[in-house]
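Structure, as structure tokens:
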């Protein structure tokens with residue numbers, strides 16, 4: 001009788017353990033399923049985020065490409081039409097030259113023709129100055145290699161040493177930067193000893 005009861009209790013205990021194990025397995029399965037659901041949701045969210053970032057990247061690349069093309073067109077236009085304002089200001093000077101040439105055919109007075117040319121020159125210089133072009137004043141100035149180009153040296157008692165005597169070609173600045181140097185002759189010191197020797201030789205002394 002006792003053995004039967006013990007056997008029955010042992011069976012009940014196993015059933016109880018089996019039931020607990022089943023409950024544990026069910027709980028773990030439920031937790032695993034929940035984790036899979038959460039992982040799937042997180043993966044879907046990240047995929048959506050990645051797609052959005054890729055779309056932003058594609059848009060940014062397209063905008064950058066459009067900007068480069070637009071900048072290239074603008075740069076080409078600047079190179080092509082950058083001198084438009086200067087040319088518009090020079091055209092009246094060309095018109096004045098045309099009128100001067102027409103007037104020269106019938107002008108009896110050469111002085112009036114010279115005055116007309118002087119007016120045209122002033123008109124052109126005024127137009128160039130508007131665009132930042134200025135003449136380099138060098139007559140009687142100290143020779144400056146930054147702005148002057150010496151074509152020859154001349155001995156002169158009327159000028160100080162290293163002073164500009166004559167100007168062969170005008171120099172110009174563009175907004176303060178050298179555009180073309182003035183081509184000049186420069187006074188050099190007279191060697192009096194050599195001159196004395198030459199005079200002595202000439203006099204036969």
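The values are calculated or read from the model by the stated rules, or taken from the named source; none is laboratory data. What you see is a predicted model, and the numbers here were worked out from it, not measured in a lab. Please note: Cβ atoms are built from the backbone with ideal geometry, for glycine as well, and neighbour counts cover all protein chains shown.
Candidates 120, 136: the one that is surrounded by 11 or more Cβ atoms within 10 Å (Cβ to Cβ), at pLDDT 80 or above, within 24 Å of residue 85 (Cβ to Cβ) and in contact with a helix residue (DSSP H, G or I) (Cβ under 6 Å, 6 or more places away or on another chain) is 120. All conditions but one from (1) out of contact with any helix residue (DSSP H, G or I) (no Cβ under 8 Å at 6 or more places or on another chain); (2) assigned to a helix (DSSP H, G or I); (3) at pLDDT 85 or above apply to residue 46; the one that does not is (3). Of (1) in the same structural domain as residue 93 (by TED's automatic domain parsing); (2) surrounded by 18 or more Cβ atoms within 10 Å (Cβ to Cβ), residue 164 satisfies all except one. Which? That leaves (1) as the condition not met. Contact map, segment 152-171: first residue in contact (Cβ under 8 Å) with a residue 40 or more places away in the chain, second residue surrounded by 15 or more Cβ atoms within 10 Å (Cβ to Cβ), Cβ cut-off under 8 Å, separation 6 or more or different chains; the map is empty.
What about residue 153, is it over 30 Å from the mean Cα position of the chain (by Cα) and in a helix (DSSP H, G or I)? Reasoning before the result, please.
Working: over 30 Å from the mean Cα position of the chain (by Cα): yes; in a helix (DSSP H, G or I): no.
No: the conditions fail for residue 153.
Is it the case that segment 64-81 has a residue that's assigned by TED's automatic domain parsing to the domain that holds residue 122 and under 18 Å from residue 125 (Cα atoms)? No: zero hits.
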